[in-house]
Amino acid sequence: MALIELRDVTKAYRRDAIEIPVLERVTLSVSEGDFLGLMGPSGSGKSTLLNLLAGIDRPSSGSIVIGGTDISGLSEGALAGWRARHIGFIFQLYNLIPVLTAFENVELPLLLTSLSKKQRRDHVMTALDIVGLGDRTKHYPRQLSGGQEQRVAIARAIVTDPTLLLADEPTGDLDAKSAAEVLVLLRRLNSEFKKTIIMVTHDPHAAERATHVVHLEKGTLAESMEVT
């Protein structure tokens, strides 16, 4: 069953009187439970496509349907609510708040919900246990390694049990060992917890963790390939 349907999605930005095309008539279907690797050179439109899927940006034309909702037609308010319920975003540079502990960073998305304090704590501890950091709740980002920071960021992304996990170069700032641990964790979230994941990466080793890979070239999709 297709969770994501992109149909003829085009995105261009205007700079003064000049229109700069980024994506050109991209059509893509992603099934529920897939782990899709999105590859391509710098400037090919990978991050733009991820931002469109997250509802952070809007297409110039075409439609983006996720879980039966055409998000390209939602108002800003409706889109913000939809994003909070359905999207978990993992960034290359973690984006943790330095003055908050690991627990408090992971709890942040839950503060916008109607969950009680105890329910929030249960959700946070479950997420931190999944990423292997249940014993680091009171540590601040500066007291953690880069790999641990990224795992806290992943816990924050999954704490709301989102429909879709979007990862933008999640291993780009990590050493080889930490990167491998994060990739094992993402694969586990996909295989064990059935999370649908779309991961932007330029690293062929990272892409090998995905179930299949698509390539963006100058804003258009090249052929996809299955990963065994």
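The values are calculated or read from the model by the stated rules, or taken from the named source; none is laboratory data. Quick caveat, the model's predicted, so the values are computed rather than measured. Backbone-built Cβ (ideal geometry, glycine too); neighbour counts: all protein chains shown.
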**Prompt:** For Gln119, all conditions in the list (1) assigned to a helix (DSSP H, G or I); (2) within 29 Å of Gly77 (Cβ to Cβ); (3) touching a residue at least 40 places away in the same chain (Cβ under 8 Å) hold save one; what is the number of the exception?
**Reply:** (3)
**Request:** Sort out for me the strands (runs of 3 or more DSSP E) sitting completely within region 3-84 that have 3 or more residues that are more than 19 Å from Ala157 (Cβ to Cβ).
**Result:** 18-31, 61-66
**Message:** Suppose we filter Gly43, Gly68 for residues that are surrounded by fewer than 15 Cβ atoms within 10 Å (Cβ to Cβ) and either in contact with a Phe, Trp or Tyr (Cβ under 6 Å, 6 or more places away or on another chain) or under 19 Å from Gly219 (Cβ atoms) (or both); which single one remains?
**Reply:** Gly43
**Request:** Working only within region 158-180, note down all residues that are free of Cβ contacts under 8 Å to residues at least 40 places away in the same chain and surrounded by fewer than 19 Cβ atoms within 10 Å (Cβ to Cβ).
**Result:** Asp161, Asp175, Ala176, Lys177, Ser178, Ala180
**Item:** Count - residues of region 107-131 that are surrounded by 13 or more Cβ atoms within 10 Å (Cβ to Cβ), touching a helix residue (DSSP H, G or I) at 6+ places or on another chain (Cβ under 7 Å) and under 30 Å from Pro59 (Cα atoms)
**Value:** 3
**Prompt:** Limited to region 43-94, what total is found for residues that are touching a residue at least 40 places away in the same chain (Cβ under 8 Å), among the charged types (D, E, K, R) and either closer than 19 Å to Leu28 by Cα or in contact with a strand residue (DSSP E or B) (Cβ under 6 Å, 6 or more places away or on another chain) (or both)?
**Reply:** 2
**Message:** For region 163-172, check the following and say yes or no: at least one residue is farther than 17 Å from Gly88 by Cβ, in a loop (DSSP other than H, G, I, E, B) and out of contact with any helix residue (DSSP H, G or I) (no Cβ under 7 Å at 6 or more places or on another chain).
**Reply:** yes
**Request:** Could you list all residues from region 209-228 that are at pLDDT below 90, in a loop (DSSP other than H, G, I, E, B) and not basic (Lys, Arg)?
**Result:** Gly219, Ala222, Glu223, Ser224, Val227, Thr228
